[in-house]
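Working notes, structure below.
Only the coordinates and a few stated rules stand behind these numbers; no lab work does. Note that the coordinates shown come from a computational prediction; the quantities given were computed from them, not determined experimentally. Cβ placement follows ideal geometry from the backbone for every residue including glycine, while neighbour counts extend to all protein chains displayed.
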Amino acid sequence: MTLFSGSFAVNYRLLVRIPTVCIVVLKMLFVVCLVAQAAPSQQVSPEIEAAQLRIKLYEGQEYPLQRRLLDSKIKVAKARIESLERQLNEYEQFTKFKYSGPLFGQLEFVKVAHVEAEEELKNLNEEKALLQRFHQDKVRLMELELEMLKRSLR
């Protein structure tokens, strides 16, 4: 079925068939890939498979989990600092008495807690930076251990 006659004719059946053929071919390739991955490799020793799984687990589970935990701890530390700063501002209103400060003990407690929270935040940020900085090195070390294991089993 063509709309135009002459050199510029559009065959709509062909336009529908091409994507359908592509979809069928892609599905077949997908099935072949699944079968190839599902087939157990009999040549891989348990030590090599364990090393490969350690790398996969570190990159897919341990490292992201450590990052998420540090991110949430940093978020909590920042919120704690903000809360302590608000408390300090509220308590400092009552320290302007001439002879005594009615909330002196509480004010000192909040000041110390504020310093503690700032130090905790600083440490968490440094820990996160170190985790990110040495992530590739740790992965590379695991890959090298895998390569050494493969060589020793040959």
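Some observations on this one:
- Across K73/K122; K75/K138; K56/K138, pairs whose alpha-carbon gap is larger than 18 Å: K75/K138
- Contour minus Cα-Cα distance for E120 and M148 (0.36 nm per residue): 6.1 nm
- Cα centre as origin, Lys/Arg/Asp/Glu Cβ charges: segment 43-152 dipole, Debye: 200
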